[in-house]
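The values are calculated or read from the model by the stated rules, or taken from the named source; none is laboratory data. Predicted, not measured: the structure shown is a model, and the values here were computed from it. All Cβ positions, even for glycine, are placed from backbone atoms using ideal geometry, and neighbour counts span all protein chains on display.
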Amino acid sequence: MAAMGKTVIPIAASRGALPIPEARRDAGATPVDALGRALRDLRISVTDRCNFRCTYCMPKESFGMDHEFLPHAELLSFEEIVRMARVFHALGTAKIRLTGGEPLLRRGIERLVGMLREALPQVDLTLTTNGSALKAKARALEAAGLDRITVSLDSLDDATFRAMNDVDFPVARVLEAIDEAAAAGLAPIKVNMVVKRGVNDRHVVEMARHFRGSGHIVRFIEFMDVGSTNGWRMDDVIPSAEIVRRIDAHFPLEPVEPGYRGEVAERWRYVDGAGEIGVISSVTQAFCSDCTRARLSTDGRLYTCLFAQQGYDLKGLLRTGADDGALEQAVRGIWQQRTDRYSEIRTAETARARKVEMSYIGG
Ligand code: SF4
């Protein structure tokens, strides 16, 4: 029961967990879902806390600065996270991304990275951050075994950026953190910019210009109807095709073939060799047919889509003595019956439906 005055937003559309389906015997070790997509990527939210209040993810109106986050006892411990990562790896997961909330707020995050690296030497281990604590942690994260990092930066215009993160955090400190992470050996860095019409879209070309020739890759992300609190409207979406057109008018671009099935960003390179950009077009060019991503919430619920309404409680299994075989069977059963393709079937009605909050399961 929330203390008087504390704001409580239902982060999961429904606290009830879905029943875990019986697993079928799969041909191969890697489970394939009902649409033929293999389980390849796991995103692990290590905290639901964040020090930003980005308007498209965790708006202050819904997530006041006194928002009641999950109690620590509810969170998966590092040992439980590593155990789940092993289970997913045994099922063919090759890439693990640590997310949040803001993952660098989880105390000892460097130790968790080290534990994951030790347990899974081959896995591609990445992390997405708002950059606010990155300058201080970049070297330790790299030394612990992190492969790559993605930093969110929604504008180079300080006033606009402060307005979008809604906590008055300056651009300069994120740029310094990107430089430090590059110096620490985490380059090339991916820089994510969520583009919202009338808010920061006029800064798209400036963002491209700033990172041209740096080796870092800016990904321009269409504003999405994630969760149920960001007031999403189709009118606020700048289609990726328009973003590419705007940049191409200044810096000619040509398309780049995807590096692998399920690559989220559509890639474009500068004709003059000054590097690449990416666009992530969940609204106007759905990529569900190649979606190989599962998401584990910070309190151990498995979600099979960013726009899911409900998840599966794996923590309950973990904390009631299930062995790794049973956990593998549970994940296999869940993935096998997966039919998610939200972005392909999005309507004005589905956009209004109650969905899990992105700040709880990570982007
Ligand atoms: S909408 Fe769901 S199924 Fe489609 S790409 Fe996103 S996470 Fe995957």
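Kindly indicate which of Glu68, Glu61, Glu80 is part of a helix (DSSP H, G or I), in contact (Cβ under 8 Å) with a residue 40 or more places away in the chain, among the charged types (D, E, K, R) and surrounded by fewer than 18 Cβ atoms within 10 Å (Cβ to Cβ).
Checking each option against the conditions leaves just Glu80.
Which one of these is in contact with a His (Cβ under 9 Å, 6 or more places away or on another chain) and touching a residue at least 24 places away in the same chain (Cβ under 8 Å): Val167, Val191?
One residue alone meets the criteria, Val191.
Which one of Gly275, Gly259, Gly227 is surrounded by fewer than 17 Cβ atoms within 10 Å (Cβ to Cβ) and either within 21 Å of the chain's Cα centre (by Cα) or farther than 27 Å from Leu35 by Cβ (or both)?
Residue meeting the stated conditions: Gly259.
If we scan segment 312-333, do we find a residue that is assigned to a strand (DSSP E or B), within 16 Å of the ligand (Cβ to nearest atom) and either touching a Leu at 6+ places or on another chain (Cβ under 8 Å) or of a type in the set (D, E, K, R) (or both)?
yes
Would you confirm whether any residue within segment 211-219 is closer than 24 Å to Tyr270 by Cα, at pLDDT 95 or above, touching a strand residue (DSSP E or B) at 6+ places or on another chain (Cβ under 9 Å) and surrounded by fewer than 17 Cβ atoms within 10 Å (Cβ to Cβ)?
Checked segment 211-219: at least one residue is closer than 24 Å to Tyr270 by Cα, at pLDDT 95 or above, touching a strand residue (DSSP E or B) at 6+ places or on another chain (Cβ under 9 Å) and surrounded by fewer than 17 Cβ atoms within 10 Å (Cβ to Cβ).
Among the residues of segment 340-351, are any closer than 23 Å to Asp48 by Cβ and assigned to a loop (DSSP other than H, G, I, E, B)?
Yes: one or more hits.
With respect to Glu242, is the statement that it is within 19 Å of Thr150 (Cβ to Cβ), out of contact with any Ser or Thr (no Cβ under 6 Å at 6 or more places or on another chain) and not β-branched (Val, Ile, Thr) true?
no
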